[in-house]
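Here the structure is laid out as structure tokens; the discussion comes afterwards.
The values are calculated or read from the model by the stated rules, or taken from the named source; none is laboratory data. Small disclaimer: the values here were computed from a predicted structure and weren't measured. Here the Cβ positions follow ideal geometry from the backbone for every residue, glycine too, while neighbour counts run over all protein chains shown.
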Amino acid sequence: MTEEKYDIIGDVHGCYDALRRLCDALEYDEDFHHPDGRALVFVGDLINRGPESVRVLRLASRLVSQGRARLTLGNHDDALHRWLKGEPVDTGKGGLDKTIAEIEGQADRKTLKKAIAALYAQAALYWVLDGGALIVAHAGIEQEMIGKTDPETRRFVLNGDAIGKSPEGKTLRRDWAAEYHGLAFIVYGHTPQERAEVRGNTVNIDTGAYRGGLLTAFRWPERTLVSVPSRFHHRG
């Protein structure tokens with residue numbers, strides 16, 4: 001049996017330069033082939049807040065269509081996908097309006113929109129990989145949700161377990177990972193933190209690339225982390 005080897009990329013948020021440098025650090029060639037037969041998996045949130053969402057979308061679309069990468073749906077991706085399908089979306093939230101303007105400003109916008117829609121159609125709500133030993137879910141997943149795609153599971157996987165707001169208006173979320181004791185290893189993102197850290201059978205690899213932090217990859221089955229500094233800092 002061939003061993004499955006993955007490099008799971010944290011929330012890119014339009015930071016194309018950091019993505020290319022991270023792939024270089026992971027030893028992918030210019031065509032994103034890896035000498036050890038590794039494959040990329042995006043944890044979701046390719047877009048918004050960063051400077052080059054369209055370049056990230058074009059690259060991800062090419063890699064996924066060629067079978068060199070997988071995309072996990074993030075909440076920002078889900079919003080753009082719903083907009084492309086003509087569904088009602090709050091485009092003023094999370095920088096989506098700027099991403100839409102960037103897309104609309106492309107000379108090939110009609111073809112581009114079709115490619116983005118196809119990319120998101122191939123994305124999974126979450127990936128169950130390596131015979132169930134590895135799960136990639138944007139904001140995480142509870143043990144009892146694995147194998148399900150019902151509305152409650154979808155909400156949790158895309159947004160986490162929101163429990164209220166802070167006095168500053170920030171969303172507060174339950175730390176589900178602290179209570180996770182499942183056998184499958186869960187790789188997730190969504191909530192930025194300064195450094196990625198393995199906790200039990202979980203790791204959050206959103207290290208705030210869009211706000212001047214790091215873009216991080218988690219290597220499976222080695223369970224090691226590789227990060228590069230972002231050169232962009234989102235204002236606002």
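Entry remark, the range 160-190: residues being within 14 Å of the chain's Cα centre (by Cα) and either in a strand (DSSP E or B) or surrounded by fewer than 17 Cβ atoms within 10 Å (Cβ to Cβ) (or both) number 3 in total. Residues in the range 137-147 that are farther than 19 Å from Ile9 by Cβ and not in a loop (DSSP other than H, G, I, E, B): Gln143, Glu144, Met145. Reported count of residues in the range 218-236, each being touching a strand residue (DSSP E or B) at 6+ places or on another chain (Cβ under 8 Å), farther than 24 Å from Lys98 by Cα and either of a type in the set (Asp, Glu) or surrounded by 24 or more Cβ atoms within 10 Å (Cβ to Cβ) (or both), is 1.
Hey, any hits in the range 124-136 for a residue that's buried (at least 16 other Cβ atoms within 10 Å of the Cβ), modelled with pLDDT of 95 or more and assigned to a helix (DSSP H, G or I)? Yes, because at least one residue in the range 124-136 is buried (at least 16 other Cβ atoms within 10 Å of the Cβ), modelled with pLDDT of 95 or more and assigned to a helix (DSSP H, G or I). In the range 39-65, the residues that are under 19 Å from Trp83 (Cα atoms) form Cβ pairs under 6 Å with partners that are of a type in the set (S, T, N, Q), at six or more places apart or across chains, as follows: Gly44/Thr72; Ile47/Ser53; Ile47/Thr99; Asn48/Thr99; Ser53/Thr99.
Can you pull out the residues in the range 42-68 that are surrounded by 24 or more Cβ atoms within 10 Å (Cβ to Cβ) and over 12 Å from Gly14 (Cβ atoms)? Selection gives Phe42, Val43, Gly44.
Going residue by residue through the range 76-91, is there one that turns out to be more than 19 Å from Leu158 (Cβ to Cβ) and buried (at least 20 other Cβ atoms within 10 Å of the Cβ)? Checked the range 76-91: no residue is more than 19 Å from Leu158 (Cβ to Cβ) and buried (at least 20 other Cβ atoms within 10 Å of the Cβ).
Cβ-Cβ distances below 7 Å connect the following pairs, each with a first residue in the range 15-26 that is in contact (Cβ under 8 Å) with a residue 24 or more places away in the chain and under 11 Å from Val226 (Cβ atoms), a second residue that is of a type in the set (Asp, Glu) and outside any helix (DSSP H, G or I), and a separation of six or more residues or different chains: Leu26/Asp7. It is to be established whether one or more residues within the range 148-159 are part of a loop (DSSP other than H, G, I, E, B) and buried (at least 20 other Cβ atoms within 10 Å of the Cβ). The answer is no, given that none of the residues of the range 148-159 is part of a loop (DSSP other than H, G, I, E, B) and buried (at least 20 other Cβ atoms within 10 Å of the Cβ).
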